[in-house]
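Working notes, beginning with the structure itself.
The values are calculated or read from the model by the stated rules, or taken from the named source; none is laboratory data. Remember, it's a predicted structure, so these values are computed and weren't measured experimentally. FYI the Cβ positions are ideal-geometry reconstructions off the backbone, even for glycines, and counts take in every protein chain you see. The accessibility values were calculated without ligands, DNA or RNA, using every heavy atom of the protein model including side chains. Shrake-Rupley method; radii C 1.70, N 1.55, O 1.52, S 1.80 Å.
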Amino acid sequence: MGEAVRRNRGELWTRSCGDSLEVRLALLQATAVFEGRSADGLIEGEPEFYDFDLFLPRPVFEREDLLQADLADLEYVVFDTETTGLNLSQGDKVVSISAVRIRRGRVQNADIFHTLVNPGRSIPPESVKFHHIEDHMVADAPSMDEVYPQFVTYVEESILVAHNAAFDKKCLDMAAAAAGLPQIDNPILDTLFLSYGLHKGTEGHGLDAMAERMGITIEGRHTSLGDARATAQVFLGLLSLLPGRGVRTLADAKGFCDRHLLLRWQSSRF
């Protein structure tokens, strides 16, 4: 079964539930393979990435009081990365990482994390067109090995938020492995799946489309800081709508993202 799933670019996902085992299986037609992924650099559009473990319980970090906390009372760190390309497992690296903090329902504009990162390799021209970060700009920047522990310190015990979070979380996980440090294990929420769950009948759940629907102007699109700030504003807008769907706690929000991850994957053109 696993081989058949992999051959068709599908996902096979399992989790234990007491004495039982839950299995999720999703398949695409072989003709639906997204050919653009093989290209170097970034690509047009906003490709989506899926990690079926992203919203699994994190027993070391997630205390019951945290899971049952009201979403409005939690502190969040909304982050974004820019990279040399989309193929992280084939050598693409982070060139910039930024984050903003949300506390008591407000973005803390004076408390940001932002740095360029030396990827240790050249940045393809196709990617420079998107984020406008060139080799000479990162020549003296710190490596991700240096940046990762600083980012972990900034995050502390906050809830992580990102748009299309599987990609940015993989950037962090690969940085942790390269630095020989533990992976950051904070709970994470994804504005892509929150939006899809709240506005399933609406076209467009990319950052641009979501910001336009909410009347949010993105200043510095395709820069990690500009996108992190825009994602934070989008997240606050989505947060205000979640109680109307019965989503009030962190546990509710994680479950909401988890359910709509699979539904979104099944409806994806990839």
Could you look through segment 215-232, keep only residues that are within 19 Å of the chain's Cα centre (by Cα) and small (Gly, Ala, Ser), and pick out the one that is surrounded by the fewest Cβ atoms within 10 Å (Cβ to Cβ)? Gly220
Is there a residue being out of contact with any strand residue (DSSP E or B) (no Cβ under 7 Å at 6 or more places or on another chain), touching a residue at least 40 places away in the same chain (Cβ under 8 Å) and surrounded by fewer than 23 Cβ atoms within 10 Å (Cβ to Cβ) anywhere in segment 185-192? yes
Asp140: of a type in the set (D, E, K, R) and touching a residue at least 24 places away in the same chain (Cβ under 8 Å), yes or no? no
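Restricting the search to segment 71-91, which residues are among the charged types (D, E, K, R), in contact with a strand residue (DSSP E or B) (Cβ under 8 Å, 6 or more places away or on another chain) and not in a strand (DSSP E or B)?
Keep residues of segment 71-91 that are among the charged types (D, E, K, R), which gives 73, 75, 80, 82.
So of that shortlist, the ones also in contact with a strand residue (DSSP E or B) (Cβ under 8 Å, 6 or more places away or on another chain) come out as 75, 80, 82.
Of everything in segment 71-91, just one residue is among the charged types (D, E, K, R), in contact with a strand residue (DSSP E or B) (Cβ under 8 Å, 6 or more places away or on another chain) and not in a strand (DSSP E or B), namely Glu75.
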Go through segment 115-153 and count every residue that is more than 21 Å from Leu181 (Cβ to Cβ) and open to solvent by 10 Å² or more (accessible area, probe 1.4 Å). 17
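Within segment 204-214, does at least one residue satisfy the condition of being modelled with pLDDT of 95 or more, over 16 Å from the mean Cα position of the chain (by Cα) and more than 17 Å from Leu56 (Cβ to Cβ)?
No, segment 204-214 contains no residue that is modelled with pLDDT of 95 or more, over 16 Å from the mean Cα position of the chain (by Cα) and more than 17 Å from Leu56 (Cβ to Cβ).
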Which numbered condition Val100 fails, given (1) surrounded by 23 or more Cβ atoms within 10 Å (Cβ to Cβ); (2) in contact with a Ser or Thr (Cβ under 6 Å, 6 or more places away or on another chain): (2)
Quick one: Arg103 ticks every box in (1) in contact with an Asp or Glu (Cβ under 6 Å, 6 or more places away or on another chain); (2) under 14 Å from Ile159 (Cα atoms); (3) in contact (Cβ under 8 Å) with a residue 40 or more places away in the chain except a single one, so which number is it? (3)
